[in-house]
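Heads up, the thing below is written out as structure tokens.
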Amino acid sequence: MKLKSLLLVSGALLAGTGSAVAGGYQVTLAGIKNNGMGGVGVGLSLDQAAMFYNPGALAMVRERGVQLGGNITLARSAFVAEGSNMQRELRNSVVTPFSLYAGFGPAEGKFRAGIAVYTPFGSKLQYANGWEGRTALTDIDLKSVFVQPTFSYAITDELSVGAGLVVLAYGAVNLQRDIALPDSYGHVELDGKAKTKLGFNAGIYYKPSDKLSIGISHRSKLDAVVDNDGDVTFSNIPTAFQSRFQATKFGATLPLPATTSVGIGVMPNENLTIGFDVNFVQWSKYRELRFDFDQQINGQTTSVSKRNYEDALTFRLGGQYKLTSGLTVRAGGSYDMTPVPDGYVTPETPDNDRVSGTVGASYAFGKFSLDLSGQFIRILKRTETQADLLNNGTTDRVAGTYKTNIVIPGLGLNYTF
């Protein structure tokens, strides 16, 4: 077994295709209302979820409140190896990103403070038993929880600013793959937890009139680190080969890229709101993935796997219309450019450009309201050829064609006071 093959699996640390509506391994299922509007929110002040999309807009959210939201990500993926006609269906997998927001402040005051809890990275993939890339990846299960205390202040009636301290409070990953041996297959499992790390999320919101609003926000880069305490476990390794697989611990660092976003809100009348966002994600910081092991694997304790990601843009458009005093309906869509160049696609992130369509609705009753959202995402078919791999020196991954469709229903409950 080549060490690079093991590292390819480890490379899914805080990564994966389950990242439903953003390229690479980024997830933006942070607000149920926003989800129904194509993921827009930077140039709007819809509710307490502004803490995620643009902290500067929080001070313009008139009502204080608490909201809880959850999504179910249902992905159907398949792989066809180069030179084969056999389609390998991935085993069905489900992940459940969630969010919690609580916003406080004086009813007529200029500031708002709040706390946000959300899950911006997560996935679960289970490839078909015996698939062609089994020695690269069989299973990945990723969980992460971020906490963001936030403060926002309205400098004038039109202009507000805000910032939040972003805390990677919990990150865990479990990865598994098969090991090719002369007469059989062994198995390896990697299990690690990321250290607590700090970043920031800041934004500015400007509403020059009742019909127009503009926002800009920046989320800082944050490194997810397994600090040489991740567990490496081998199984089904014959005695004759066990001396080649001695590692019990691993360490690795994965950059969670900085994102700068610009958004515009247009309100033609009091019932209709339209939003347009552009997100710029600095994926080019992700050049390689280095792993360190406590003991040798096939004579090596360190290796580097190429990534060479590129900066990418996402375009989002959505709107909502208030049909009655209680009922609001929403729709939208997005186009997400992949950061992964040809020759660098990996089984844990078989990424390509993504196209999505969304719908949603809310119904208010007294101080409570219920939000619903639905999304359909198609990750465009992506073919990785053996020639691509050879040209880029990335033969630690498998050649073939990936395709993925994702359906994401969402449900949210709000209470205002």
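Details
Yes/no matrix, rows are residues, columns are (1) within 24 Å of residue 115 (Cα to Cα); (2) more than 18 Å from the chain's Cα centre (by Cα); (3) of a type in the set (A, V, I, L, M); (4) at pLDDT 90 or above:
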site	(1), (2), (3), (4)
185	no, yes, no, yes
197	yes, no, no, yes
200	yes, no, no, yes
209	no, yes, no, yes
215	yes, yes, no, yes
224	yes, no, yes, no
261	yes, no, no, yes
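To keep it simple, each residue is scored yes or no on (1) modelled with pLDDT of 95 or more; (2) of a type outside the set (Val, Ile, Thr).
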residue: 239; (1), (2): no, no
residue: 252; (1), (2): no, yes
residue: 268; (1), (2): yes, yes
residue: 272; (1), (2): yes, yes
residue: 287; (1), (2): no, yes
residue: 340; (1), (2): no, no
residue: 346; (1), (2): no, no
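- For the stretch 20-35, the condition holds for at least one residue, the condition being that it is in a loop (DSSP other than H, G, I, E, B), at pLDDT below 60 and among the β-branched types (Val, Ile, Thr).
- Residue 360 being crowded, with 17+ Cβ neighbours inside 10 Å, touching a strand residue (DSSP E or B) at 6+ places or on another chain (Cβ under 9 Å) and in a loop (DSSP other than H, G, I, E, B): no
- From 291, 280, residue being in contact (Cβ under 8 Å) with a residue 60 or more places away in the chain and in a strand (DSSP E or B): 291
- Of all the criteria given as (1) free of Cβ contacts under 8 Å to residues at least 60 places away in the same chain; (2) of a type outside the set (A, V, I, L, M, F, W, C); (3) assigned to a strand (DSSP E or B), the one not satisfied by residue 177 is (1).
- Taking the stretch 290-311 as the range and being polar (S, T, N, Q) and in contact with a helix residue (DSSP H, G or I) (Cβ under 6 Å, 6 or more places away or on another chain) as the test, the residues that pass are 298, 300, 303, 305.
- Between 160, 184, the distinction of being of a type in the set (S, T, N, Q) and surrounded by 15 or more Cβ atoms within 10 Å (Cβ to Cβ) belongs to 160 only.
- Among the residues making up the stretch 213-272, those that are outside any strand (DSSP E or B) and of a type in the set (Gly, Ala, Ser) are 220, 240, 243, 247, 258.
- When the stretch 301-321 is filtered for residues that are over 19 Å from the mean Cα position of the chain (by Cα) and loosely packed, with under 14 Cβ neighbours inside 10 Å, the ones remaining, listed by number, are 302, 304.
The values are calculated or read from the model by the stated rules, or taken from the named source; none is laboratory data. Because the structure is a prediction, the values reported are computed rather than measured. Backbone-built Cβ (ideal geometry, glycine too); neighbour counts: all protein chains shown.
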